[in-house]
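Peer 1: Below: one structure in structure tokens.
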There are 2 protein chains.
Amino acid sequence: MQEESVLKKEDNFSVWYNEILKRAKILDVRYPVKGVYVWYPYGLKLRNLIYGILRTLMDDEHEEVLFPLLIRRDELLKEKEHIKGFEEEVFWVTHGGTTELDVPLALRPTSETAMYPIFKVWIRSHRDLPIRVYQIVNTFRYETKHTRPLIRLREITSFKEAHTAHASREEAETQINKAIAIYRNFFDQLAVPYVITKRPDWDKFPGAEYTIAFDTLMPDGRTMQIATLHMLGENFAHTFDIRYEAEDGSSRFVNQTCYGISERCVAAVIAIHGDDRGLVLPPRVAPIQVVIVPIIFSSTGDTPSEKVKEACNAIYNELKGAGIRVFLDDSPDRPGAKYYYWEMKGVPLRIELGPRDLTNVSCTFVRRDNFAKRQVPLNTVVQSVNKTLDDIQHCLHARAMQKLKICAINGDTEPKDAIREGIIALPLCDNESCGKKLEESIGANVLGEVLYAAAHRARRNACAICAREGEDVLVARTY
Amino acid sequence: MQEESVLKKEDNFSVWYNEILKRAKILDVRYPVKGVYVWYPYGLKLRNLIYGILRTLMDDEHEEVLFPLLIRRDELLKEKEHIKGFEEEVFWVTHGGTTELDVPLALRPTSETAMYPIFKVWIRSHRDLPIRVYQIVNTFRYETKHTRPLIRLREITSFKEAHTAHASREEAETQINKAIAIYRNFFDQLAVPYVITKRPDWDKFPGAEYTIAFDTLMPDGRTMQIATLHMLGENFAHTFDIRYEAEDGSSRFVNQTCYGISERCVAAVIAIHGDDRGLVLPPRVAPIQVVIVPIIFSSTGDTPSEKVKEACNAIYNELKGAGIRVFLDDSPDRPGAKYYYWEMKGVPLRIELGPRDLTNVSCTFVRRDNFAKRQVPLNTVVQSVNKTLDDIQHCLHARAMQKLKICAINGDTEPKDAIREGIIALPLCDNESCGKKLEESIGANVLGEVLYAAAHRARRNACAICAREGEDVLVARTY
């Protein structure tokens with residue numbers, strides 16, 4: 001344990017982010033292939049806790065499946081819009097051993113074309129519907145832009161993709177709304193704030209009728225897309241001939257949706273809550289929720305030391321018994337070095353216990369989010385820990401919500417200036433040329449028509465470019 | 001639910017196996033790429049429960065990590081013995097989009113060459129040792145032989161591979177023994193019997209000093225390798241230059257081990273316990289441990305039906321509350337169709353409850369393993385279920401153990417005849433030519449020197465081929 005230079009998150013977020021992934025042992029970036037990384041044990045525990053929440057939410061109405069990684073070239077090429085969106089981004093397997101394959105195989109960039117030929121054989125009648133499945137898998141994109149750990153990768157190690165098929169368009173629409181509710185619940189549990197927009201037509205998922213997206217605001221004032229939902233309508237059903245026999249005996253195409261979340265959700269948790277001392281993890285997903293640090297001065301003789309150790313062990317066992325993820329740091333390092341280390345690791349609550357605490361039959365709580373210290377009687381430790389963890393969870397959420405600023409452009413602010421602070425809201429018509437013109441003029445992207453955002457309304461409804469009638473859209477510089 | 005023809009497991013195991021994967025919805029084999037399959041929800045639940053046990057066992061002394069799928073060609077080629085073993089089996093990614101890659105990338109066939117360059121940077125001093133990590137990942141082999149679901153695949157979807165590094169050879173040997181204990185515990189929980197042997201030198205893992213393997217006996221009299229452990233010694237440490245500073249300041253190479261289990265463990269559970277009616281799942285890993293079937297005759301009027309439903313709901317809630325994986329089948333199908341269906345799915349225990357049971361304030365238990373029926377008072381259902389599930393678990397294990405026959409060859413039996421029944425034990429010297437001669441003469445494989453097997457000792461110790469002094473080895477026809 002060696003104290004390293006302080007990281008200034010506000011000064012240079014990008015440097016802070018890379019440094020924190022390394023120091024807190026989330027990812028090792030030294031793997032010798034561009035855009036792919038190694039998950040350290042601590043990082044993977046964080047990932048698994050986050051995906052555990054997602055899995056529980058999904059399991060309520062979806063079934064988990066697992067489809068192969070390899071997709072035949074001819075299947076991938078079937079949906080013409082779809083492949084146009086991916087053809088420059090697909091990794092191709094061309095050889096098995098020293099033999100050239102008959103048909104090149106793609107590493108899935110996403111699984112529509114892997115799943116839907118099988119949906120075709122799974123679905124016969126209306127009784128087979130709806131199908132609601134999901135999988136959590138590695139997916140691949142040949143990113144040629146600058147790659148960034150967890151954010152822009154060549155191997156997305158944990159892409160949660162859900163795919164559904166329904167008897168009617170209405171049911172598919174309802175499913176999209178249910179999925180939005182699931183995703184809201186998920187990001188709320190991560191204390192990650194978001195806006196929800198309907199992406200402009202020129203930015204929708206290749207092959208979809210429309211795309212809805214969740215974006216969060218990163219500390220550098222840019223937004224990051226953290227979830228997408230796609231109404232596929234009958235597009236893929238026609239391509240892959242997915243039909244069912246309706247109750248009246250007629251043969252109909254299914255209506256489909258798909259929606260996904262990648263490990264950007266982990267990036268968001270790290271980026272949004274962290275501070276200059278390192279990670280700050282929401283209790284719900286912290287691999288270690290409480291660290292206990294015994295304060296033992298070698299000068300005070302043996303008896304108090306032993307009693308301190310005993311008391312720490314007792315707290316440890318009590319908390320563990322109550323299902324709290326607790327760690328007792330009884331290493332020989334100085335307490336100061338331990339504080340530094342566990343703060344960097346983002347542990348939400350530290351319990352210090354020394355001879356003075358023991359005299360008061362209490363211990364000291366130190367919160368990671370605001371560094372508030374207080375004495376807590378030993379006989380109320382479990383309930384106090386639970387209460388404090390809940391409070392930290394809520395405070396982190398509230399603090400993050402406040403930082404997600406949306407500036408409504410009402411004539412008195414220049415979009416170009418406001419965009420430097422975060423997201424702006426202004427009216428825009430649905431004309432692609434107006435959207436592109438706006439994007440170019442302020443160097444930002446139209447996220448889309450607002451479906452959910454706290455406090456964003458602009459006062460006008462005239463398109464910011466052509467002055468025809470428009471709808472409020474959100475605009476931001478994006479990742 | 002449609003009743004299909006009875007499957008005869010003993011008559012043609014291979015047909016039975018493929019048919020059961022389909023009927024019980026474990027895997028869909030219709031995916032249009034050779035050797036890769038689709039996990040159905042039910043199959044995946046079974047897989048997840050099995051791997052959950054493995055994960056819990058591993059987590060005790062290992063840390064979970066996640067390394068990339070893609071391995072640079074030059075890294076994969078570094079260890080000469082290693083690549084010789086894999087060069088005909090590796091899938092190669094050669095293109096990203098329409099661009100040819102500078103360096104072809106292999107899909108990991110196993111992760112030594114992905115992990116060990118990173119071990120080199122993780123390990124500096126003796127304080128960094130031991131390293132004990134594992135990951136559960138998809139791995140790829142370009143199998144040219146006949147592929148079989150879960151057994152011989154091109155995408156192994158869940159390869160659990162552990163890799164360790166130690167300061168000394170002794171510690172590495174100790175680790176191998178610990179891992180053997182973990183694997184024994186794992187297969188015991190699956191009620192899967194096994195023999196453990198040290199593979200002959202000509203059949204060890206490429207790059208290892210020696211290999212220890214677990215094999216189980218399949219219903220067709222062939223053995224299937226279900227786990228391997230490899231002592232790597234300093235071989236890979238020299239190739240990848242993995243050294244540490246010892247306490248005395250000297251620089252030393254680490255000693256390494258690795259050991260793995262693939263989804264063949266799922267195949268073993270299905271193959272060993274199943275019968276002519278379908279799957280028979282050990283309660284520990286059954287996605288549904290108990291199915292409740294209400295017996296409702298439409299002719300008996302409303303009142304008894306309602307009471308039966310109420311009683312079934314009450315049992316369901318009680319069992320669920322006790323943490324038992326229970327399903328209440330209140331579909332309109334006939335009870336007989338339900339029995340047929342849930343027997344095929346391998347549910348260990350069925351609870352039937354009809355008006356007559358209700359009169360006796362009891363219900364009827366029907367065991368999947370032996371079809372024994374008994375009345376159980378309603379007020380003892382939870383404890384009776386727990387006791388019965390435990391008993392089924394033990395009975396399945398005992399029954400499977402009895403089927404793993406080892407025939408000691410003592411002069412009175414011909415190896416060629418005995419090998420048709422299963423595993424034979426006979427003495428063999430360590431000369432490769434004797435081994436190969438034996439293998440050819442009886443059309444079977446030497447599994448290796450016996451480390452663990454119930455009742456196998458041969459009475460002689462003269463090599464079956466050359467009559468020089470030999471050690472007992474096991475021999476079998478293998479998958």
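Peer 1: Enter the accessible area per residue of the stretch B:116-254 (Å², integer; probe 1.4 Å; all protein chains in place).
Peer 2: Per residue, the stretch B:116-254 has 34 Å² of solvent-accessible surface.
Peer 1: Related question: When Cβ neighbours within 10 Å are restricted to other protein chains, what is their mean count per residue of peptide B:100-107?
Peer 2: If you average over the peptide's residues, the count of other-chain Cβ atoms is 3.
Peer 1: Of all the accessible heavy-atom surface of the stretch A:13-273, with the other protein chains kept in place and a 1.4 Å probe, what percent is carbon and sulfur?
Peer 2: 45
Peer 1: Local charge sum around A:SER14 (other residues, Cβ-Cβ under 14 Å, Lys/Arg +1, Asp/Glu -1)?
Peer 2: +3
Peer 1: Still on this model: What percent does the relative contact order of the stretch B:1-103 come to when contacts are Cα pairs within less than 8 Å and at least six residues apart?
Peer 2: Answer for the stretch B:1-103 is 11 percent.
Peer 1: If packing is taken as the average count of other Cβ atoms within 10 Å, what order do B:96-108, A:188-200, B:421-433 fall into, highest mean first?
Peer 2: With the highest mean Cβ count within 10 Å placed first, the list reads A:188-200, B:421-433, B:96-108.
Peer 1: Just to check I understand the Karplus step: with θ = phi - 60° and J = 6.51 cos²θ - 1.76 cosθ + 1.60, what whole-Hz values come out for the stretch B:427-440, glycine and proline as x?
Peer 2: Along the stretch B:427-440, the couplings run x, 8, 7, 8, 7, 4, 5, 5, x, 5, 4, 4, 4, 5 Hz.
Peer 1: Hey, another quick one. Put a dot 7 Å past each Cα toward the Cβ at B:ASN379 and A:GLU81; how far apart are the dots in nm?
Peer 2: Those two pseudo-labels are separated by 6.6 nm.
Peer 1: At a probe of 1.4 Å, how much accessible area disappears from chains A and B on forming the pair, both sides counted, to the nearest 100 Å²?
Peer 2: 4300
Peer 1: Now for a separate question. Amide H of B:ARG154 versus every other amide H placed in the peptide plane: which residues, excluding those fewer than 5 positions away on the same chain, fall under 5 Å?
Peer 2: When sequence neighbours closer than 5 places are left aside, the close amide H contacts are B:VAL36.
Peer 1: Pairs of alpha-carbon atoms within less than 8 angstrom and 6+ residues apart define the contacts here; what relative contact order does chain B have, in percent?
Peer 2: Relative contact order for chain B comes out at 14 percent.
Peer 1: Continuing with the same structure: Using the Karplus equation 6.51 cos²θ - 1.76 cosθ + 1.60 (θ = phi - 60°), what ³J(HN,Hα) coupling, rounded to whole Hz, does each residue of the stretch B:363-380 give in order, writing x for Gly and Pro?
Peer 2: Along the stretch B:363-380, the couplings run 9, 10, 9, 10, 7, 6, 6, 10, 6, 4, 10, 7, 7, 10, x, 4, 7, 10 Hz.
Peer 1: Right, here's the next one. According to the square roots a ≥ b ≥ c of the eigenvalues of the Cα gyration tensor, what is the shape class of chain B, taking rounded for a/c under 1.5, prolate for a/b larger than b/c otherwise, and oblate for the remainder?
Peer 2: The shape class here is prolate.
Peer 1: Return the lysines within reach of A:LYS436: Cα separation strictly under 19 angstrom, same-chain partners fewer than 8 residues apart disregarded; answer none if there are no such residues.
Peer 2: Partners within reach: A:LYS198, A:LYS204, A:LYS416.
Peer 1: Nearest 10 degrees, 0 to 90: what angle lies between the long axis of helix B:302-321 and the longest principal axis of chain B (Cα atoms)?
Peer 2: 30
Peer 1: Follow-up question, since we're still on this one. As an exercise, take the mean of 1/r over every pair of distinct alpha carbons in the stretch A:13-273, invert it, and state the Kirkwood radius in angstroms.
Peer 2: With all distinct Cα pairs of the stretch A:13-273 included, I get 19.4 Å.
Peer 1: Using only Cα atoms, find the angle between the long axis of helix A:335-344 and the longest principal axis of chain A, and express it within 0 to 90 degrees, rounded to the nearest 10.
Peer 2: For helix A:335-344, the angle is close to 10 degrees.
Peer 1: Across all directions of projection, what mean area in square nanometres is found for the Cα convex hull of the protein assembly as shown?
Peer 2: 47.0
Peer 1: Could I ask something else about it? If I take every Cα pair under 8 Å that is 6 or more residues apart in the stretch B:283-402, average their sequence separation and divide by the length, what percent do I get for the relative contact order?
Peer 2: 29
Peer 1: Give me the angle, in degrees from 0 to 90, between the Cα long axis of helix B:13-23 and the longest principal axis of the Cα atoms of chain B, rounded to the nearest 10.
Peer 2: 60
Peer 1: Can you tell me which lysines have their Cα less than 19 Å from the Cα of B:LYS338? Leave out same-chain residues fewer than eight positions away.
Peer 2: Within the straight-line cut-off, B:LYS338 pairs with B:LYS22, B:LYS25, B:LYS309, B:LYS373.
Peer 1: In terms of Cα to Cα distance under 16 Å, which aspartates and glutamates are near enough to A:LYS120, apart from those fewer than 8 places away along the same chain?
Peer 2: Reachable aspartates and glutamates: A:GLU75, A:GLU79, A:GLU112, A:ASP128, A:GLU234, A:ASP241, A:GLU245, B:ASP28.
Peer 1: Express in Å², to the nearest 10, the accessible area of A:LYS309 obtained by rolling a 1.4 Å probe over the protein heavy atoms while all chains stay in place.
Peer 2: A:LYS309 exposes around 90 Å² with every protein chain in place.
The values are calculated or read from the model by the stated rules, or taken from the named source; none is laboratory data. A quick note: this is a predicted structure, and the numbers were derived from the prediction, not measured. Ideal geometry is used to build each Cβ from the backbone, glycine not excepted, and the neighbour counts take in all protein chains shown. Protein only, heavy atoms only, side chains kept; ligands, DNA and RNA dropped before computing areas. Shrake-Rupley method; radii C 1.70, N 1.55, O 1.52, S 1.80 Å.
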